[in-house]
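Inspection log for the structure reproduced underneath, given as structure tokens.
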Ligand code: AMP
Ligand code: ZN
Ligand code: FE
Ligand code: FE
């Protein structure tokens, strides 16, 4: 296995959300690539942490607590949390609310697709999700059923925000998500700002306590990398980075990340 570009990768998904590797598999892959520090950032859940830490101890990989919260400020923004106490009761409560809402939302999405003439095997979709069920599980089922050729097509035609089969998740305000992560003792990073194109919101979020901007991410081209690095520096916030690994095929573990955890502090 080839060596990773970075020793620290702070953005990865497992089977507890929409990734296809278990925490144990992910940590072992990271160790084999020479990654020393990982934060698993499943969507709206910290369920992977315990298993990841157990394997991390065996393999010499430090595991920071992590999460990627689905939040709302004008549009859907993803907030990454790091180094918080996963047992902090208000955080546990929000995570439980997301889990519950994701189940209702998946059922409502499947019902919408059924009405649109694209029936799916609901039981199989729920069986394919070990934790936070999301649109990717439904998109994969649409491919399996032959309704679309690719996951991307499923998002483009049906599941994208405001698409014909879109059902919103409950809306946690971005500022509230930042405060929640702080209350739990962690730092908050704005994930992949280049995807959402929300530069105009960043100063306001920094005022609300945003600590970090995610700079190194596979969706950012080299000019965006430079742009967000300069913006973080101008605003006096830290930078984070990670591969956003879900499965083989896009970025490898450790191909995006940090050289030094001190970068989180700005
Ligand atoms: P959800 O959290 O259920 O709202 O699903 C959103 C997640 O789906 C995002 O965080 C991405 O990981 C994934 N996603 C969004 N758009 C696409 C796409 N075009 N192809 C594959 N995955 C996508
Ligand atoms: Zn995802
Ligand atoms: Fe994201
Ligand atoms: Fe992600």
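The values are calculated or read from the model by the stated rules, or taken from the named source; none is laboratory data. Here the structure is a predicted model, which means the values were calculated and not measured. Backbone-built Cβ (ideal geometry, glycine too); neighbour counts: all protein chains shown.
Only one of the listed residues (191, 177, 165) is touching a strand residue (DSSP E or B) at 6+ places or on another chain (Cβ under 8 Å), at pLDDT 95 or above, farther than 26 Å from residue 33 by Cβ and surrounded by 21 or more Cβ atoms within 10 Å (Cβ to Cβ). That residue is 177. Within region 1-38, the residues that satisfy the criterion of being more than 16 Å from ligand 2 (Cβ to nearest atom) and part of a loop (DSSP other than H, G, I, E, B) are 1, 2, 3, 4, 5, 6, 7, 33, 34, 35, 36.
The set of residues from region 45-72 being in contact with a helix residue (DSSP H, G or I) (Cβ under 6 Å, 6 or more places away or on another chain), assigned to a strand (DSSP E or B) and either within 15 Å of ligand 2 (Cβ to nearest atom) or closer than 23 Å to residue 103 by Cα (or both) comprises 69, 71. Restricting the search to region 127-152, which residues are surrounded by 15 or more Cβ atoms within 10 Å (Cβ to Cβ) and not in a loop (DSSP other than H, G, I, E, B)? Result: 135, 136, 137, 138, 139, 140, 141, 142, 143, 151. In region 186-195 there is at least one residue matching the filter, namely being part of a helix (DSSP H, G or I), under 18 Å from residue 238 (Cβ atoms) and either within 16 Å of ligand 3 (Cβ to nearest atom) or out of contact with any helix residue (DSSP H, G or I) (no Cβ under 7 Å at 6 or more places or on another chain) (or both). If you check residue 88 against the conditions, is it under 20 Å from residue 188 (Cβ atoms) and within 16 Å of ligand 3 (Cβ to nearest atom)? Against the criterion (under 20 Å from residue 188 (Cβ atoms) and within 16 Å of ligand 3 (Cβ to nearest atom)), residue 88 does not qualify.
Among residues of region 238-263 that are closer than 19 Å to residue 18 by Cβ and more than 16 Å from ligand 2 (Cβ to nearest atom), those with a Cβ under 8 angstrom from a residue that is in a loop (DSSP other than H, G, I, E, B) and at pLDDT below 95, sequence gap 6+ or separate chain, pair up as 252/2.
Annotation note: Cβ proximity below 9 Å between a residue of region 13-30 that is more than 11 Å from residue 41 (Cβ to Cβ) and a residue that is within 16 Å of ligand 3 (Cβ to nearest atom) and assigned to a helix (DSSP H, G or I) (sequence gap 6+ or interchain) occurs for 18/135; 18/136; 18/137. Just one of (1) closer than 21 Å to residue 44 by Cα; (2) within 16 Å of ligand 1 (Cβ to nearest atom); (3) surrounded by fewer than 18 Cβ atoms within 10 Å (Cβ to Cβ) fails for residue 250. It is (1).
Residues in region 136-151 that are within 16 Å of ligand 3 (Cβ to nearest atom) and free of Cβ contacts under 8 Å to residues at least 60 places away in the same chain: 139, 151.
Results for (1) under 19 Å from residue 42 (Cβ atoms); (2) modelled with pLDDT of 95 or more; (3) over 23 Å from the mean Cα position of the chain (by Cα); (4) away from ligand 1 (no atom under 11 Å from the Cβ), shown as yes or no for each residue.
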position: 107; (1), (2), (3), (4): no, yes, no, yes
position: 113; (1), (2), (3), (4): no, yes, yes, yes
position: 127; (1), (2), (3), (4): yes, yes, no, yes
position: 135; (1), (2), (3), (4): yes, yes, no, no
position: 139; (1), (2), (3), (4): yes, yes, no, no
position: 142; (1), (2), (3), (4): no, yes, no, yes
position: 146; (1), (2), (3), (4): no, yes, yes, yes
position: 157; (1), (2), (3), (4): no, yes, no, no
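Quick check: anything in region 216-235 touching a strand residue (DSSP E or B) at 6+ places or on another chain (Cβ under 6 Å), closer than 26 Å to residue 2 by Cα and in a loop (DSSP other than H, G, I, E, B)? For region 216-235, residues touching a strand residue (DSSP E or B) at 6+ places or on another chain (Cβ under 6 Å), closer than 26 Å to residue 2 by Cα and in a loop (DSSP other than H, G, I, E, B): absent. Within region 11-44, the only residue that satisfies the criterion of being within 15 Å of ligand 1 (Cβ to nearest atom), in contact with a helix residue (DSSP H, G or I) (Cβ under 6 Å, 6 or more places away or on another chain) and more than 16 Å from residue 191 (Cβ to Cβ) is 14.
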